[in-house]
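Visitor: Sharing a structure here in structure tokens format.
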Amino acid sequence: MADSRKYITSEELKNHNKPGDLWISIQGKVYDVSNWVKEHPGGDFPLLNLAGQDVTDAFVAFHPATAWQYLDKFFKGFYLNDYSASEVSKDYRRLVSDFTKMGLFEKKGHVCLFTMCLMAMLFSLSVYGILCCQSLLAHLISGGLMGCLWIQSGWIGHDSGHYQVMSTRGFNRFAQVLTGNCLAGISIAWWKWNHNAHHIACNSLEYDPDLQHMPFFAVSSKFFDSLTSYFYDRKMNFDSFTRFLISHQHWTFYPVMCFARINLFAQSFILLLSNKNVPHRVQELFGVVSFWIWYPLLVSCLPNWGERIMFVLASFTVTGIQHVQFCLNHFSSEIYVAPPKGNDWFEKQTNGSLNISCPSWMDWFHGGLQFQIEHHLFPRLPRCQLRKVSPFVKDLCKNHGLPYSCVSFWKSNVLTISTLRAAALQARDLTKPIPKNLVWEAVNTHG
């Protein structure tokens with residue numbers, strides 16, 4: 001019988017990549033997601049930036065098997081006549097299927113329960129130290145414990161944004177708002193919006209928000225061309241002030257990380273008060289505002305301003321460890337200047353990620369980020385399963401000649417600082433330096 005299907009080419013599909021006209025292909029079937037973009041749980045960024053191409057690998061990575069049943073309502077009746085999958089993609093999809101059959105995506109262990117209990121203990125100890133102890137040391141330790149609480153909150157927020165850590169969606173949402181918005185002051189809506197974009201465009205200088213830290217940091221001299229951030233929809237200007245900061249970024253990296261949380265606070269409010277479509281906006285705002293009620297009240301219980309400042313600095317500084325960890329996995333990895341593509345998913349995730357080697361008893365410290373490659377390839381996979389699947393990913397990378405980069409925690413710090421230093425030195429050597437003065441000469445004489 002003659003094939004009655006209607007076909008279009010990949011070139012024709014590329015024409016449907018604008019807001020209001022968004023088509024994607026999944027395993028060669030073409031879907032119109034123009035209207036769905038506003039309701040997409042993962043935000044609009046993934047669909048806006050992958051539209052006009054085949055996105056099978058990305059779809060498989062982010063969606064459970066149950067999501068396939070909802071695709072038909074978006075089907076346009078067209079198929080790609082030149083659809084094909086690379087050998088890497090075929091092996092990757094086979095791994096996803098195997099892990100699904102093994103039930104690994106559903107076996108979440110008791111990580112969330114232990115983390116929630118730990119958070120309750122840290123919060124109680126921190127409050128007890130402030131309200132019931134008069135010692136300066138006790139107040140300092142209380143600040144550090146609050147920082148540890150925020151770190152654990154970050155792990156819960158990260159996990160729950162990728163998969164359901166609780167028994168039901170309702171409890172999962174409760175855990176997100178409680179641990180993120182209420183206890184840490186970070187909007188889970190902002191986190192998902194930002195983090196999904198990072199996963200989709202891993203290490204793209206123009207599309208990955210996790211590399212867009214101008215004017216403080218630039219991981220590549222490519223930023224000196226004043227690239228456009230398509231995530232924040234603004235130009236990342238490389239002016240004289242930015243050049244000065246970038247020129248010393250390898251010295252300022254750790255100090256800035258101690259206060260990086262301020263940026264997360266600001267970004268949360270910027271999103272929640274914007275005209276963007278934010279699910280559960282009122283709920284999100286209520287959670288964040290509640291943090292800004294209880295935290296200042298708790299700090300005000302300290303006897304003087306000196307101890308109050310000390311407490312805040314201690315909590316922020318300890319949390320800075322996590323902000324450093326977020327950077328170690330990508331700052332020194334391969335970068336590119338281009339929009340994300342759907343046909344090199346596996347390659348981009350492995351090239352742009354760095355694993356941290358550690359014994360299993362230290363997994364609690366890294367929160368799953370030590371298996372960054374595995375996490376980027378299988379973002380729905382519970383943290384407790386990442387070590388188990390690591391050998392499979394290594395073998396797949398080896399079979400296809402792809403990098404599987406894994407170094408010690410110390411080495412990852414060295415690589416990150418080396419990357420920042422290389423860009424800093426390049427910033428100083430541009431052919432059009434900023435107007436020099438005595439301060440500039442003094443600062444740059446000895447590097």
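Visitor: Going out from 0 in 10 Å bins, what whole percent of all Cα-Cα distances in region 114-234 drops into each bin?
Guide: 13, 31, 26, 21, 9, 0
Visitor: Still on this structure, please answer the following. Among 76/388; 101/398; 73/222, which pairs are too far apart, with a Cα-Cα distance over 32 Å?
Guide: 76/388; 73/222
Visitor: State the three equivalent ellipsoid semi-axes of region 122-176, derived from the C-alpha gyration tensor as the square roots of 5 times its eigenvalues, in descending order and whole Å.
Guide: 31, 11, 5
Visitor: Against the 2.2 N^0.38 Å scaling, with N counting residues, where does the chain land? I'd like the Cα-based Rg ratio to two decimal places.
Guide: 1.04
Visitor: If you line up the long axis of helix 261-272 against the longest principal axis of the chain, both from Cα atoms, how many degrees apart are they, to the nearest 10?
Guide: That works out to roughly 50 degrees.
Visitor: Further, regarding this structure: Over the chain, what is the percentage of antiparallel beta bridges among all DSSP beta bridges, to the nearest 5?
Guide: 60
Visitor: While we're looking at this one, here's another question. Relative to the longest principal axis of the C-alpha atoms of the chain, give the angle of the C-alpha long axis of helix 136-162, reported between 0 and 90° and rounded to the nearest 10°.
Guide: Once rounded, one gets 10 degrees.
Visitor: Place a point 7 Å from the Cα of residue 81 along the Cα-to-Cβ direction; which residues of region 30-67 have their backbone N under 12 Å from it?
Guide: Label zone hits: none.
Visitor: Can you give the accessible area per residue of the chain, in Å², using a 1.4 Å probe?
Guide: Using a 1.4 Å probe on heavy atoms only, each residue of the chain averages 47 Å².
Visitor: Same structure again: Ignoring the sites themselves, what is the longest stretch of the chain with no trypsin sites (Lys or Arg not before Pro) in a DSSP loop and at most 16 other beta-carbon atoms within 10 Å?
Guide: Between the exposed loop sites, the longest stretch runs 108-275.
Visitor: Please tell me which of these pairs span more than 31 angstrom C-alpha to C-alpha: 6/192; 18/108; 192/348?
Guide: 6/192; 18/108
Visitor: Let me ask another. For region 1-38 and region 313-333, what is the separation of their Cα centres, given in Å?
Guide: For region 1-38 versus region 313-333, the Cα centre distance is 41 Å.
Visitor: Can you tell me the 0 to 90 degree angle between the C-alpha axis of helix 305-328 and the longest principal axis of the chain, rounded to 10?
Guide: Approximately 30 degrees, to the nearest ten.
Visitor: Can you list the HN-Hα couplings for region 183-188, worked out from phi with the Karplus curve (6.51, -1.76, 1.60; θ = phi - 60°), rounded to whole Hz and with x for Gly and Pro?
Guide: Here the 3J(HN,Hα) series is 8, 10, x, 10, 6, 5 Hz.
Visitor: In straight Cα distance, which aspartates and glutamates are under 18 Å from residue 90, not counting same-chain residues fewer than 8 positions off?
Guide: Here the aspartates and glutamates satisfying the reach criterion relative to residue 90 are 54, 57, 82, 98, 344, 347, 374, 395.
Visitor: I've got another one for you. For residue 411, which lysines qualify as cross-link partners when the Cα separation must be under 21 Å and same-chain residues fewer than eight apart are set aside?
Guide: 394
Visitor: Now, a different point. Do the sum for the chain: with -39,500 (n - 2.57) for every DSSP H run of n ≥ 4, divided by all residues, what is the mean residue ellipticity at 222 nm, to the nearest 500 deg cm²/dmol?
Guide: Computed mean residue ellipticity for the chain: -16500 deg cm²/dmol.
The values are calculated or read from the model by the stated rules, or taken from the named source; none is laboratory data. Since the model is a prediction, treat every value here as computed from it, not as a measurement. All Cβ positions, even for glycine, are placed from backbone atoms using ideal geometry, and neighbour counts span all protein chains on display. For accessibility, only protein heavy atoms count, side chains too; no ligands or nucleic acids. Shrake-Rupley method; radii C 1.70, N 1.55, O 1.52, S 1.80 Å.
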